[in-house]
Amino acid sequence: KHILSCSHTHARTSVFVARLMSLSGPSTNAGSGDGDSVTSDATSTSSTATTTTASAAASSAAPCSSGAVAEPERRRIRRNSIVRGQIDVMSEEVQERFKAAFTAFDTLQCVPIPERASVGSSKKSKKRLQKQRSKTKAGKAPPVKIDEQTYMPLSKVLQLQKHFVLRVNDFLAIISLCPPLTSSSPWMDVFYHRMFVFENIVTTAMVQHYEQVIGDYLFLLEDTIATKPGRVRAQSLLRYLNTHHTDPCCSLLGMHPSADVDRFFRRFLANRKRTTPAPPWPEYLPRDAQHEPDAALASVRSSSMFFPMGKQEYHVGSLILCVRPCNGESVYAIVKETSSDTLVIYTTRSTTQCETVTVDNVTNLTSGLAEMVNDKRTAQKMVQDPVAAYFHHILMNTRTAVDHFLEIQGIDFKIIDHCNLNQASIKMLLTVQRFKDILTRFKSSPPTELLDRLQRDLEESETQFLETLDVSTLYVPAIRSLDQELAQFDVERLAMSKIQQYLGVCESALLQLNIQIRDLLNGATKRQLSNWWLVHIETSSREFLESLGYNSAAVPEHYTLVPPHDYMGILDNLKLVREVLDKKHDMHNVTAFVDRLKQEIYPRIDEFVEQGKIVLANQFELNRDQPLDLVHVNEMLAQSREKLDEMLASWIDGMVKDIQYLEAMKVLEDANRTGRLELTNVVPISGLIFSYFYRAENELKTILELWPPPTSPLSSPLNSPLSSPPLSPRSRPTPPRSTSPAPPARLSVS
């Protein structure tokens, strides 16, 4: 049903079915006839193959109709039918002859032609050559110079030349082995069948080798030692190679370009049609290249690698990329005729079905792209591949099925995603451990229910894919490998690899959590937390004072050694700080500021306490559903201290004390709010905030004591009711000597 129909016409397909599905080869009378006699040879071959095809079809249909063939066997037969329908145009015997002929021709070396320079168009040159050959037959001719260092008897040269011509004649007879399809050029059919048999394409280097061999062959036809029936075929082959220098197998003919190539092609056409200069990069470059110079440069290089810049010239037989006027789709085509504004192209090997396109919708392919066409692996990436889309569909369906199955088993993929991004926290410790146990169980004992369902879904998807597959959209050199790729696709291994991937994520997250637990136990996390809240309190308090008008520049850094340059700034700062410290009259919303800082800091403290309790519960295997009693933890630590490592026991003891101190901070915070104050060595967050304001007040008072302002004490704000008792007037002190005791330093909170 599905054959490689490059013309996409039903009439041609119906006539062509018997040839594609036949298992017997054409007539082996390949030694005579020119390229024009191929059609009659293939017609007789088709008529002899019809009976074999019908009998083979009947024999293969009998077991299927009785239901004796299992579904995997049906899918195997279907896969084989796609491949065999493309390559079984010839029988196995003829395929071997076809392959042997091309293999010999590929390795054929050109023979020395020493008389090439002496042979000319004049009669005198030809008579001189005939005279030399007559001497050779009589054994009187001297050795012939082959190159600068090699001499060979002329008889040996003539023998090599004769053997060379005979081997080329054998290759040219291959045209009768290959039944014609629909192309007007028989050599297009020959190279097209070669692509099936060898599963590769003819490269540019091979084309150059063919041209050299055929050129030497045509030169030797001027002599009587060569037969002349193959001259027409050789000339037609040389013309075909000269015009179809890139992709002579027509592997890309009629194929749609891949999404990447088509994107570059459309952008190239849009920029070429512009009447104004090209816009800035962000309008026509990929989004990821707009802000990355390297990516932008790579994008420009990629575009120039595919499509040449500037004015282009199109030649007959060249491979191009164009936009079809009938449907607006991009397709690879070959030029048949050229004119100033339009091109006549064909997108199938049937050169009678042509289309006319304007040169504005056409572009040549650069040498870089031609190199990609020479390699089957890179060329396959240049076209749309339905097999790749099918495998992507299977991969996504398998992943969805595995995820749904694991969700039923209790796996939370939000936590898996956090672990995959290295964002796991200690609160996820027990959950990740439980996920690891579940996945480890499935790894050792695969879930047969899931795997059986995936296998059934794969068989149904493959059957539907093969039934709806348009074989003309396949990349021809990869058709043989389609059966192997579909048969070797192991959905069970894919599902187990997904489970193994999630298990690896959990194991990696547990390693990361072990590092966090170690830092939590040895006190590193506590030190980071305390340093953070001290810096945050100091920074926020300074910004709060500055927002109220506090002048930080008025306070010298070394205020005990350097007098202030702005006494009024010092006095204003002192007045502002005392207003902030006035709890009876909250003029500056200090309470709201303190509450905001507590809401920012205490959640981090609570998180640390929770993580510490989780680690302690996990260490002593306690139930997390019940509140953790630190007294009980101390008792268990005392009981197991002999079994534990000394350093680990010390870490646990220190973490218990840290948790007790942080919980006491919150208790004291509540007591301050209710007014039930107690004298303790624990300082809550609000106490640290106000300690910054008190330190600021003491610094300002110290400056005024060391460097009193030159004003009357009565005019000083120190005499205000909010201030402390006025300072006694005294003369300006002399700065301390180096031998005097050190001046009081700036207070700090430990």
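If the condition is being charged (D, E, K, R) and open to solvent by 20 Å² or more (accessible area, probe 1.4 Å), then region 438-477 contributes Arg441, Lys443, Glu449, Asp452, Arg453, Arg456, Asp457, Glu459, Glu460, Glu467, Asp470.
Is it true that Leu534 is part of a helix (DSSP H, G or I), open to solvent by 50 Å² or more (accessible area, probe 1.4 Å), in contact (Cβ under 8 Å) with a residue 40 or more places away in the chain and in contact with a Leu (Cβ under 9 Å, 6 or more places away or on another chain)? Considered against the rule, which asks whether it is part of a helix (DSSP H, G or I), open to solvent by 50 Å² or more (accessible area, probe 1.4 Å), in contact (Cβ under 8 Å) with a residue 40 or more places away in the chain and in contact with a Leu (Cβ under 9 Å, 6 or more places away or on another chain), Leu534 comes out as yes. Just one residue in the set Leu597, Leu628, Leu622 is touching a residue at least 60 places away in the same chain (Cβ under 8 Å), over 20 Å from Thr525 (Cα atoms) and open to solvent by less than 60 Å² (accessible area, probe 1.4 Å); that residue is Leu597.
Being polar (S, T, N, Q), in a helix (DSSP H, G or I) and open to solvent by less than 70 Å² (accessible area, probe 1.4 Å), is that true of even one residue in region 352-365? Checking region 352-365: at least one residue is polar (S, T, N, Q), in a helix (DSSP H, G or I) and open to solvent by less than 70 Å² (accessible area, probe 1.4 Å). Restricting Val682, Val667 to those that are touching a helix residue (DSSP H, G or I) at 6+ places or on another chain (Cβ under 7 Å) and either surrounded by 16 or more Cβ atoms within 10 Å (Cβ to Cβ) or assigned to a helix (DSSP H, G or I) (or both) reduces the list to Val682. Within this structure, Tyr602 fails the test of being hydroxyl-bearing (Ser, Thr, Tyr), surrounded by fewer than 16 Cβ atoms within 10 Å (Cβ to Cβ) and in a helix (DSSP H, G or I). Of everything listed in (1) assigned to a helix (DSSP H, G or I); (2) out of contact with any Ser or Thr (no Cβ under 6 Å at 6 or more places or on another chain), the single unmet condition for Tyr550 is (1).
Could you list all residues from region 498-553 that are of a type in the set (Val, Ile, Thr) and in contact with a Cys (Cβ under 9 Å, 6 or more places away or on another chain)? Once the filter is applied, which keeps residues that are of a type in the set (Val, Ile, Thr) and in contact with a Cys (Cβ under 9 Å, 6 or more places away or on another chain), region 498-553 yields only Val505. The residues on offer are Val144, Val165, and the sole one that is surrounded by fewer than 21 Cβ atoms within 10 Å (Cβ to Cβ) and modelled with pLDDT under 75 is Val144. Within region 400-407, is even one residue free of Cβ contacts under 8 Å to residues at least 40 places away in the same chain, under 21 Å from the mean Cα position of the chain (by Cα) and within 25 Å of Phe264 (Cα to Cα)? No, every residue in region 400-407 fails to be free of Cβ contacts under 8 Å to residues at least 40 places away in the same chain, under 21 Å from the mean Cα position of the chain (by Cα) and within 25 Å of Phe264 (Cα to Cα).
A Cβ distance below 6 Å, combined with a sequence gap of six or more or placement on separate chains, defines the contacts here; from region 162-174, residues that are within 10 Å of Val111 (Cβ to Cβ) reach residues that are part of a helix (DSSP H, G or I) and modelled with pLDDT under 90 in the pairs Val165/Leu220.
Of all residues in region 453-466, those that are under 17 Å from Ala495 (Cα atoms) have Cβ atoms under 8 Å from Cβ atoms of residues that are open to solvent by 30 Å² or more (accessible area, probe 1.4 Å), 6 or more apart or on another chain, in Leu454/Glu492; Gln455/Glu492; Asp457/Asn397; Leu458/Phe489; Glu459/Glu71; Glu459/Pro72; Ser461/His393; Ser461/Asn397. Restricting region 553-583 to residues that are under 13 Å from Leu706 (Cα atoms) and part of a helix (DSSP H, G or I), the residue that is most open to solvent (accessible area, probe 1.4 Å) is Tyr567.
Counted as qualifying within region 406-492 are the helices (runs of 4 or more DSSP H) with 2 or more residues that are among the small types (Gly, Ala, Ser), namely 480-488.
The residue that is modelled with the lowest pLDDT, among those in region 197-232 that are open to solvent by less than 10 Å² (accessible area, probe 1.4 Å) and part of a helix (DSSP H, G or I), is Leu220. Looking only at residues in region 99-115 that are at pLDDT below 85 and surrounded by 12 or more Cβ atoms within 10 Å (Cβ to Cβ), the one that is nearest to Arg194 (Cα to Cα) is Cys110. Exactly one residue among Ser497, Ser472, Ser508 is out of contact with any helix residue (DSSP H, G or I) (no Cβ under 6 Å at 6 or more places or on another chain), modelled with pLDDT under 90 and either closer than 30 Å to Val331 by Cα or not aromatic (Phe, Trp, Tyr) (or both), and that residue is Ser472. Scanning region 577-596 for residues that are more than 17 Å from Leu548 (Cα to Cα) and either at pLDDT 95 or above or over 51 Å from the mean Cα position of the chain (by Cα) (or both) yields a single hit, Lys584. Residues that are small (Gly, Ala, Ser), open to solvent by less than 50 Å² (accessible area, probe 1.4 Å) and over 22 Å from Ala524 (Cβ atoms) within region 633-654 comprise just one, Ser640. Among the residues of region 366-398, those identified as assigned to a helix (DSSP H, G or I), hydroxyl-bearing (Ser, Thr, Tyr), more than 15 Å from Met255 (Cα to Cα) and open to solvent by less than 50 Å² (accessible area, probe 1.4 Å) are Tyr390, Thr398.
Is one or more of the residues making up region 442-449 more than 26 Å from Asp490 (Cβ to Cβ), touching a residue at least 40 places away in the same chain (Cβ under 8 Å) and not basic (Lys, Arg)? No, every residue in region 442-449 fails to be more than 26 Å from Asp490 (Cβ to Cβ), touching a residue at least 40 places away in the same chain (Cβ under 8 Å) and not basic (Lys, Arg). Mind checking whether some residue in region 515-525 is under 30 Å from Gln611 (Cβ atoms) and outside any helix (DSSP H, G or I)? The answer is yes, given that some residue of region 515-525 is under 30 Å from Gln611 (Cβ atoms) and outside any helix (DSSP H, G or I).
The values are calculated or read from the model by the stated rules, or taken from the named source; none is laboratory data. Every value quoted in this text rests on a predicted model; they were computed, and no experiment measured them. Please note: Cβ atoms are built from the backbone with ideal geometry, for glycine as well, and neighbour counts cover all protein chains shown. The accessibility values were calculated without ligands, DNA or RNA, using every heavy atom of the protein model including side chains. Shrake-Rupley method; radii C 1.70, N 1.55, O 1.52, S 1.80 Å.
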